[in-house]
Amino acid sequence: MTIDNTEGARAQIGVTGLAVMGSNIARNFARHGHTVALHNRSIAKTDALIEEHGSEGDFVRTETIEEFVGALQKPRRVLIMVKAGAPTDAVIEELAAAMEPGDIIIDGGNALYTDTIRREASLRERGLHFVGAGISGGEEGALNGPSIMPGGPKESYAALGPLLESIAAQVDGTPCCTHIGPDGSGHFVKMVHNGIEYADMQLIGEAYNLLGSALGYDAGKIADVFTEWNGGDLESYLVEITAEVLRQKDAKTGKPLVDVIVDAAEQKGTGRWTVKSALDLGVPVTGIAEAVFARALSGSREQRKAAVGLASGVLADKPTDAAQFTEDIRQALYASKVVAYAQGFDQIAAGSAEYDWDLHPADLATIWRGGCIIRARFLNRIKDAYDENPTLPSLILAPYFRDAIETAIDSWRRVVSTATLLGIPVPAFASSLSYYDALRAERLPAALTQGQRDFFGAHTYERVDAEGKFHTLWSGDRSEVQV
Ligand code: 6PG
């Protein structure tokens, strides 16, 4: 039903920016019994939404920002679903000028969390609440239940939380939405979610490539393998849709669609942001970084074309026991996935400490169990691990994951070594295994790095057997001094 705007301020929520994500979220609110004020820069999109879906609930059609803001109950709640960057700033400014202290502006796009920190601070000075909310689940999730990661002032959650929780995905009766923490924390967490998504997709891609290149499986057969894996520990949205994509036939050629898609992966930027932030925080997110770089390499089409035919140096025959190697790949995928999540959660802990956000990893694992792109059965295990020990030094050390990796380790090594001997690229599998080996090592070559730094730059080192900092007089008599 479309409500005439002359009826006054009666909408519980307003949505501005009615491209697919925005209009699906608006419909989701309406389907849950909320009256939704609609606004879009061009009225045509608003009218199209009302014409096609007006029967799904109560919508208020508005044309100007003043009319839009005037249609909202107080405290006014407006969800912005426009492009990140300058367009978001422009809409915020227009809204802020028309709103009053206590009103809430929610940015549901994939904004850079440092922009969110800046916007929150500036709107706070004007008495407005600014909530940077990560929303995951794509178009389908937006309509039927996304995972929502709202940051911003805690007070705003009292007025906003119930609305967001009502449209979020639900798992075991728990909504996939919770207040994450202050200012930019919601968008930070969503950024890391996307980084993990990149790693997960890259690992799945490597598994697919191994099944094809080492075992000679075609897309249909690989789809069957993923479907089978989805029945076990690897059960997840991404594994499920992988099988669907692999099964899809191209209408034009009759070939598997995946075989006619150009093998150059694009990226909008959230994976890159995750890695940049991890570099600043000093957290090794090797799985995510490999995934971002793998997309970049795939997109270097000229370079790749020129390099085809370079020496392969293949040193092994293809595996003869297909069933065993398939199981090895499954185990390697699981173990590498644990590493990717462990690294992502490390980054979240580091961000939380850096910005004083007091983030709760168990809460994140809880709201990522449904609605979002990385939803997976094993998030229940991550939730359990952090419930048991909220200050777990690494997810890899939780008893469940420790055991899982112990079970997988031989397979993981066989997969990485076989791929290497066969000349099949496995950057994420290999770097995850190296990360694991480095983490568990008693001694690392970093001692030598420290010695070299002291040699050329007098940067000092610590000793294993004494407190303090030391320097060797490298260009003198090579005796050691304490500094
Ligand atoms: C989600 C997705 C969503 C979007 C990605 C795609 O959680 O719903 O992550 O945010 O699909 O931004 O990212 P790339 O274009 O960088 O792969």
statement: For the chain, longest principal axis from Cα atoms; helix 219-229 axis from its Cα atoms; angle between them, nearest 10 degrees, is 90 degrees
message: In whole Hz and in residue order, list the ³J(HN,Hα) couplings for segment 359-368 that follow from phi through the Karplus curve 6.51 cos²θ - 1.76 cosθ + 1.60, θ = phi - 60°; x for Gly and Pro.
response: 6, 10, x, 5, 5, 5, 4, 5, 7, 8
- prompt: Rounded to the nearest 0.05, what FRET efficiency is calculated for H32 and K154 with R0 set to 35 Å and r the Cβ-Cβ distance?
  reply: 0.90
Nearest 10 degrees, 0 to 90: helix 322-355 Cα axis against the chain principal axis: 60 degrees
query: What residues have an amide H closer than 5 Å to that of I106, excluding those fewer than 5 places away on the same chain, when H is modeled at 1.01 Å from N in the peptide plane?
result: V78, L79, I80, V131
query: Highest mean first, what order results for 311-318, 92-99, 247-254 on Cβ atoms within 10 Å?
result: 92-99, 247-254, 311-318
task: May I ask for the Kirkwood hydrodynamic radius of the chain, worked out over all distinct Cα pairs and given in angstroms to one decimal?
output: 24.8 Å
query: Which of E462, E120 comes first, and how do the rest follow, when ranked by fewest Cβ neighbours within 10 Å?
result: E462, E120
- line: Between D218 and E480, the FRET efficiency computed from the C-beta separation at R0 = 51 Å comes out, to the nearest 0.05, as 0.20
message: What is the angle, in °, between the Cα long axis of helix 427-440 and the longest principal axis of the Cα atoms in the chain? Nearest 10 is fine, range 0 to 90.
response: 70 degrees
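In terms of the ratio Rg/(2.2 N^0.38 Å) built on C-alpha atoms, what value belongs to segment 27-185?
Working: Rg = 14.8 Å, N = 159, 2.2 N^0.38 = 15.1 Å.
Segment 27-185 yields a ratio of 0.98.
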task: Quote the charge dipole size of the chain about the Cα centre in Debye, to the nearest 20; the model charges only the Cβ of Lys and Arg (+1) and of Asp and Glu (-1).
output: 820 debye
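If each DSSP helix of 4+ residues adds -39,500 (n - 2.57) and the sum is divided by the residues in the chain, what number results at 222 nm, nearest 500 deg cm²/dmol? Walk me through the intermediate numbers first.
Working: 19 runs with 261 residues, N = 483.
The helix-only estimate for the chain comes to -17500 deg cm²/dmol at 222 nm.
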statement: HN-Hα couplings for segment 156-166 via Karplus (6.51, -1.76, 1.60; θ = phi - 60°), in whole Hz with x for Gly/Pro, come out as 5, 5, 4, 8, 9, x, x, 5, 5, 5, 5
query: Which FRET efficiency value, to the nearest 0.05, is calculated for E327 and H471 with the Förster distance at 51 angstrom and r the Cβ-Cβ distance?
result: 0.45
message: With θ taken as phi - 60° and the coefficients 6.51, -1.76 and 1.60, list the Karplus ³J(HN,Hα) couplings across segment 467-474 in order, rounded to whole Hz; mark glycine and proline as x.
response: 6, x, 10, 10, 9, 9, 7, 4
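Read-outs throughout are calculated quantities, based only on the coordinates presented, and are distinct from any laboratory measurement. Quantities reported herein were computed from a predicted structural model and do not represent experimental measurements. As a convention, Cβ positions derive from the backbone with ideal geometry for all residues, glycine included, and neighbour counts pool all protein chains shown.
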